[in-house]
Structures are given as structure tokens and as C-alpha cells.
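The values are calculated or read from the model by the stated rules, or taken from the named source; none is laboratory data. Since the structure is predicted, the reported quantities are computational estimates derived from the model, not experimental observations. All Cβ positions, even for glycine, are placed from backbone atoms using ideal geometry, and neighbour counts span all protein chains on display.
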Amino acid sequence: MALRQLRVNGDDILRKKAKPVKEIDAKILALLDDMWETLRDKNGVGLAAPQVGVLKRVVVVENEEDIYEMINPEIIASEGTQTCDEACLSVPGYQGDIERPMKVTVQALNRDGESYTVEVEEYPASIFCHELDHLDGVLYLDRATNVRPIEKNEDDE
Ligand code: ZN
């Protein structure tokens, strides 16, 4: 495994649409492993492949004990709304408020190429939406309000 370099806001790759994974080969498995290492190094909760400069539809999410590897994820259902206070490893030092669905159902492939669906609500639903947006070149900043420097009393840093 290896740490990959995080791309930050202003890098064109964050604005491009990622391509579906056609075959889960050794390169994709290495990408997944490196994304985990990079995410954990930054104490993040989610990471999408474009954030490490790879235009593939691959996302990892770790929210406490819940771990998700998603290849070619799609939101197949969503319900309700919530206002979330979000930040992004690619927009260091800032946070903002954004409206997200309260509940989403996502279909994806795991690293064995098996299709699964997962339903999440509240905080993890916002993480899934945030990370899947990255696959389409969208940053939370695009729709967020009250974007401000991260409040220092929060537990990052
Ligand atoms: Zn992000």
C-alpha cells in the first residue's frame, strides 16, 4: 500500500466526470488499498478516486465501525432532506452547510465484483452523497452556504 497525493480544490481533475470501472483488476485493488491508507492518514470519513487523481468510479467510506468499498456506485433511491455541516479533504480548512437527502439507497460492486445495495440515513447518507458527487466533478462548495473556516473546537486536527 502507498499513500497517494490528495488533489485539492483548483485541480482540474476534481471537476471531471469519472469513468465506470470495467474490470476489477490488480490496479483497481491497489487503488482501493491506497485510498484506505490515504483516508486513514487524513482521518477522513470518505474518499473518492478523483481526489487522488484517478478518474474511476471508486469510493471508500469509513464511519465508525461501518466500512464501505464502492465500485461504480449509484444512488437508486433517496428520501427526505437534512441540512449537513460538511467539509472535504480536497477543500482543506473549510466547512459549509448543504442540504442532502435524509436517506439514500446505493447500489455498488464490492472488490469481488459482487453487486450489493446498502441503505443509510442521517450522517452516512450525507457522506455517500458527498463522495458520489466527487465522481461527477461536483464539490460540496458548489451548493453549500455559510462556507467558513473550520471551527477549531471540532475534533479534526
Ligand atoms: Zn470531498
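What to note about this one:
- Single unsatisfied condition, V54 versus (1) in a strand (DSSP E or B); (2) away from the ligand (no atom under 11 Å from the Cβ): (1)
- Candidates R40, R15, R4, filtered to the one that is in contact with a helix residue (DSSP H, G or I) (Cβ under 6 Å, 6 or more places away or on another chain), closer than 25 Å to S126 by Cβ and at pLDDT 95 or above: R4
- Candidates E121, E114 - the one that is surrounded by fewer than 20 Cβ atoms within 10 Å (Cβ to Cβ), farther than 23 Å from V147 by Cα and touching a residue at least 12 places away in the same chain (Cβ under 8 Å): E121
- Taking each residue of segment 76-91 that is under 21 Å from L135 (Cβ atoms) and of a type in the set (S, T, Y) and looking for partners that are more than 8 Å from the ligand (Cβ to nearest atom) and part of a strand (DSSP E or B) with beta-carbon atoms closer than 6 Å, six or more apart or interchain, yields S78/V104.
- Qualifying residue in segment 116-131 (condition: within 16 Å of the ligand (Cβ to nearest atom), among the aliphatic types (A, V, I, L, M), touching a helix residue (DSSP H, G or I) at 6+ places or on another chain (Cβ under 7 Å) and over 18 Å from V8 (Cβ atoms)): no
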